[in-house]
Amino acid sequence: MSRLADDAVRRLRANPAAVLALFVMTGIIVVTVFGAWLNPNNGQALDWLHLAARPSLAKAHWFGTDRLGRDLFVRTLAGTRVSIAIGLVASAISLIVGVGYGAVAGYLGGRTDHLMMRIIEILSGLPLIFFVIFLTVIFGRSETLLFISIGAVGWLTMARIVRGQTMSIRQQEFIAAAIASGASTGRIIFRHVIPNLIGPVVVYATLTVPQIILFESFLSFLGLGIQEPGASLGTLIAEGVGEMEAAPWILLMPGGFLAVLLLCLNIFGDGLRDALDVKEA
Amino acid sequence: MMRYFFTRLAGAIPTLFIIVTLTFFLMRAAPGGPFDEEQALPPEIMANLQNAYGLDQPMWTQYERYLKSLLHGDFGPSFKYKDFTVTELIRLGFPVTLELGAIALALALFAGIPLGVFAALHHNSAADTATMSVAVVGIAIPTFVVLPFLGLLFGVYLHWLPVADWEPGSIRHLALPVIALALPPLAYIARLTRGSMLEILRSHFIRTAFAKGLPLRTVILRHALRPALTPVASYLVPAVASIMTGSLVVESIAGIPGIGRYLVQGAINRDYTLVLGMVIIYSTLLIGMGLAVDLLYAWLDPRVRPAK
């Protein structure tokens with residue numbers, strides 16, 4: 001196993017795009033965590049003399065200010081922090097639920113599979129947005145709820161993909177051999193099926209983090225996620241779209257930040273996939 | 001095959017029924033109602049309104065009534081858009097949304113699949129890297145960033161295309177929204193096709209096909225493409241969902257009069273009938289797509305066909 005991990009790290013190092021993405025990502029995280037200390041502005045104070053001001057070094061408005069004169073640099077960083085936290089927690093939830101569910105459905109097949117897939121169909125028939133809207137309307141808008149609801153819906157696609165893979169694994173000889181040697185169904189799923197799913201699961205899980213960040217900012221963009229005066233990249237972009245023609249930096253700064261962050265996460269995820277995919281070697 | 005289709009179809013109806021029921025009761029369970037205003041209405045007016053829309057009836061009667069009218073294709077009156085029924089709102093907006101979505105899906109498929117095959121055939125070359133880099137950009141960057149950025153570039157700076165007006169049937173006005181909408185599924189399809197194509201190209205039956213001396217074109221089109229498209233087929237439902245979700249922001253950014261805006265606005269306004277109507281439309285589309293995919297799957301991969 002550790003030899004496999006060593007191989008993976010070595011292969012990952014040989015991929016310049018993934019290494020660069022990792023560096024940029026680390027840079028963004030460092031700036032996100034510590035950057036606010038370097039800047040004298042606090043992100044909530046209204047600078048009446050600089051409303052929708054261009055980015056400049058004067059008054060340390062490095063990314064400019066928004067329509068209310070709040071510093072965009074500090075607000076963008078705060079939004080990024082929220083996005084990253086939500087992305088990690090919600091992905092972990094969706095990974096665990098999705099793999100377990102998909103593997104069981106795909107392996108058992110027949111009526112159980114039919115029922116389990118019907119449940120997924122029902123859940124995904126309710127568009128994700130609704131699910132979150134209902135929860136936010138019933139329980140009020142909170143970040144904890146956002147974590148849970150996004151994680152709870154993120155597993156659907158994972159489960160589908162895992163099920164599909166499991167269905168084809170099930171037909172292979174080594175599963176027949178395991179059954180013939182008397183292994184229990186639970187053991188076959190957890191010891192034989194799931195380990196063989198690692199490739200597709202890692203591929204999909206690494207892509208889930210940016211997807212969830214995207215979903216959160218999408219909700220916030222629609223005004224259903226993070227609320228004022230809190231900042232999320234989504235709310236900042238929504239503000240920016242309104243001011244696009246007069247003050248494009250209000251759009252470009254958070255938009256660029258979100259784009260670069262998601263791009264790096266995706267490229268790194270792809271790199272990791274190639275590094276872990278034993279078949280590629 | 002037909003029997004398989006009809007069992008799946010019969011399964012879809014209870015699904016839809018459960019979705020309608022769940023949405024109906026969840027929506028009513030939430031605090032607040034469609035007539036909440038900044039200033040509370042006088043109780044008599046409130047009572048009149050409740051009475052006019054049948055909201056004073058027991059929940060169960062309301063539900064029964066709704067189901068009955070639904071069977072007649074009547075989604076009921078909208079609570080907020082007072083001069084319209086939900087059916088009218090859907091009739092006005094749905095064709096626009098459908099047109100936008102269908103063009104985007106077609107673009108995603110007909111550009112994504114060839115791009116994926118192309119990249120797989122030039123595995124590890126500069127062309128492959130370039131295609132996949134563009135694909136990563138398409139997957140990574142959200143629609144609500146892509147569309148404003150495109151609008152800024154082609155609309156505000158270059159003045160080539162309109163940013164946010166809408167004219168029915170105008171290609172110029174459709175161009176940016178369709179591209180922004182199609183980009184994520186297009187990129188994803190290209191990547192899926194490339195991945196499975198690479199795997200298929202290494203398999204024995206492809207080696208056999210080449211060994212027989214078949215030209216590359218025939219090997220790809222007749223032998224490799226069909227099995228390679230299985231992952232694309234299973235991605236179709238998420239692709240449609242992604243386009244639906246994307247159309248919410250695309251319609252609001254580009255000012256397109258589709259049904260996307262009703263979804264969010266209806267939920268915020270607690271416009272029960274409107275939200276229910278939207279849920280029914282969207283879920284019917286998704287379930288229909290799921291059915292189509294099942295059939296496609298059986299056609300693409302004989303191993304998943306039900307045993308005779």
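The values are calculated or read from the model by the stated rules, or taken from the named source; none is laboratory data. Bear in mind the structure is a predicted one, so any value in this text is a computation, not a measurement. Cβ atoms come from the backbone with ideal geometry, glycine included; neighbour counts cover every protein chain shown.
Pick out the one residue from A:M244, A:M253 that is touching a Leu at 6+ places or on another chain (Cβ under 8 Å) and more than 10 Å from every other protein chain (Cβ to nearest Cβ).
Numbers: A:M244 fails: more than 10 Å from every other protein chain (Cβ to nearest Cβ).
The unique qualifying residue is A:M253.
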### Query
Is there a residue in region B:115-125 that is assigned to a loop (DSSP other than H, G, I, E, B) and either under 20 Å from the mean Cα position of the chain (by Cα) or within 13 Å of chain A (Cβ to nearest Cβ) (or both)?
yes
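Quick check on A:A103: is it within 30 Å of A:I250 (Cα to Cα) and either at pLDDT 85 or above or part of a helix (DSSP H, G or I) (or both)? If you could, list the steps in order and put the result at the bottom.
Numbers: within 30 Å of A:I250 (Cα to Cα): no; either at pLDDT 85 or above or part of a helix (DSSP H, G or I) (or both): yes.
Considered against the rule, which asks whether it is within 30 Å of A:I250 (Cα to Cα) and either at pLDDT 85 or above or part of a helix (DSSP H, G or I) (or both), A:A103 comes out as no.
Residue-by-condition table, conditions (1) modelled with pLDDT of 80 or more; (2) part of a loop (DSSP other than H, G, I, E, B); (3) buried (at least 20 other Cβ atoms within 10 Å of the Cβ):
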site: A:E239; (1), (2), (3): yes, no, yes
site: A:A246; (1), (2), (3): no, yes, no
site: A:P254; (1), (2), (3): yes, no, yes
site: A:F257; (1), (2), (3): yes, no, yes
site: A:L262; (1), (2), (3): yes, no, yes
site: A:L265; (1), (2), (3): yes, no, yes
site: A:G271; (1), (2), (3): yes, no, yes
site: A:D274; (1), (2), (3): no, no, no
site: A:K279; (1), (2), (3): no, no, no
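Condition (residue is under 18 Å from B:G258 (Cα atoms), in contact with a Leu (Cβ under 9 Å, 6 or more places away or on another chain) and either assigned to a loop (DSSP other than H, G, I, E, B) or among the acidic types (D, E) (or both)) applied to region B:55-73: is it met by at least one residue? I'd like the intermediate steps shown before the answer.
To start, the set of residues in region B:55-73 that are under 18 Å from B:G258 (Cα atoms) comprises none.
Scanning region B:55-73 turns up no residue that is under 18 Å from B:G258 (Cα atoms), in contact with a Leu (Cβ under 9 Å, 6 or more places away or on another chain) and either assigned to a loop (DSSP other than H, G, I, E, B) or among the acidic types (D, E) (or both).
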### Task
Could you tell me which numbered condition A:A183 fails, if it satisfies all but one of (1) assigned to a helix (DSSP H, G or I); (2) without any contact (Cβ under 8 Å) to a residue 60 or more places away in the chain; (3) more than 12 Å from chain B (Cβ to nearest Cβ)?
(1)
#### Entry: Residue in region B:292-308 that is among the small types (G, A, S), within 11 Å of chain A (Cβ to nearest Cβ) and touching a residue at least 40 places away in the same chain (Cβ under 8 Å) present
no
### Query
Is there a residue being over 21 Å from A:R81 (Cα atoms), part of a loop (DSSP other than H, G, I, E, B) and of a type in the set (S, T, N, Q) anywhere in region A:191-204?
no
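For B:L9, indicate whether it is more than 28 Å from the chain's Cα centre (by Cα) and in contact (Cβ under 8 Å) with a residue 12 or more places away in the chain. Quick ask: steps written out before the conclusion?
On the way: more than 28 Å from the chain's Cα centre (by Cα): no; in contact (Cβ under 8 Å) with a residue 12 or more places away in the chain: yes.
No.
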#### Entry: Only listed residue being of a type in the set (K, R), modelled with pLDDT of 70 or more, within 30 Å of A:Q172 (Cβ to Cβ) and surrounded by fewer than 23 Cβ atoms within 10 Å (Cβ to Cβ), chosen from A:R67, A:R111
A:R111
### Subset of region B:144-160 [closer than 30 Å to A:D274 by Cα and more than 8 Å from chain A (Cβ to nearest Cβ)]
B:V146
### Query
Any residue at all in region B:94-105 that is of a type in the set (G, A, S), surrounded by 19 or more Cβ atoms within 10 Å (Cβ to Cβ) and not in a loop (DSSP other than H, G, I, E, B)?
yes
